[in-house]
Amino acid sequence: VQLQASGGGLVQAGGSLRLSCAASGGKFSDYVMSWYREAPGKQRELVAAISSGGTTNYVDSVKGRFTIARDVAENTVSLQMNSLKPEDTSMYYCFAYADYEDHYWGQGTEVTVSS
């Protein structure tokens with residue numbers, strides 16, 4: 001499975017960005033799709049996840065601001081990020097997980113939120 005992430009950029013605090021991850025080479029519905037982020041000097045953390053059935057999960061710090069969605073027809077997963085804060089500044093990674101032997105990372109897309 002190949003994952004291609006896009007949509008990062010520089011935005012002012014309070015602004016919005018939409019990240020997108022296009023999946024190819026596998027059966028999209030087999031995977032739980034997630035977004036992780038990793039800031040300099042910090043551990044990579046799970047931001048949001050969505051199951052094939054549409055169940056979503058968010059880290060507390062983004063609840064009410066971020067929305068994850070998947071488009072089965074287009075094999076994409078998106079992360080709509082609103083009310084961005086400087087602490088959201090990170091490299092964001094798309095992740096596809098089926099089991100411990102069947103999981104894939106996309107390349108990162110950088111998000112910078114200026115105060």
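Read-outs: derived from the displayed coordinates by stated rules, not from any lab. Not measured: the values here are computed from a predicted model. We place every Cβ from the backbone using ideal geometry, glycine too, and count neighbours over all the protein chains shown.
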Long-range amide H partners of GLY8 with built H, under 5 Å: GLU110
Using Cα pairs closer than 8 Å and at least 6 residues apart in sequence, work out the relative contact order for the chain, in percent. 36
Going by a ≥ b ≥ c, the root eigenvalues of the Cα gyration tensor, does the chain fall in the rounded group (a/c under 1.5), the prolate group (a/b larger than b/c) or the oblate group? prolate
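Please give the charge dipole size of the chain, origin at the Cα centre, charges +1 on K and R Cβ atoms and -1 on D and E Cβ atoms. Round to the nearest 20 debye.
340
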Once the in-chain neighbours fewer than 8 apart are removed, the lysines whose Cα is under 26 Å from LYS85 read LYS42, LYS63
Pull up the DSSP beta bridges for the chain and report the antiparallel fraction as a percent, rounded to 5. 90
Can you run phi through the Karplus equation (6.51, -1.76, 1.60; θ = phi - 60°) for region 70-87 and list ³J(HN,Hα) in whole Hz, with x for Gly and Pro? 10, 10, 5, 5, 9, 6, 10, 10, 10, 9, 7, 10, 10, 6, 5, 10, x, 6
Under-5 Å amide H pairs with PHE66, H placed in peptide plane, nonlocal only: ASN82
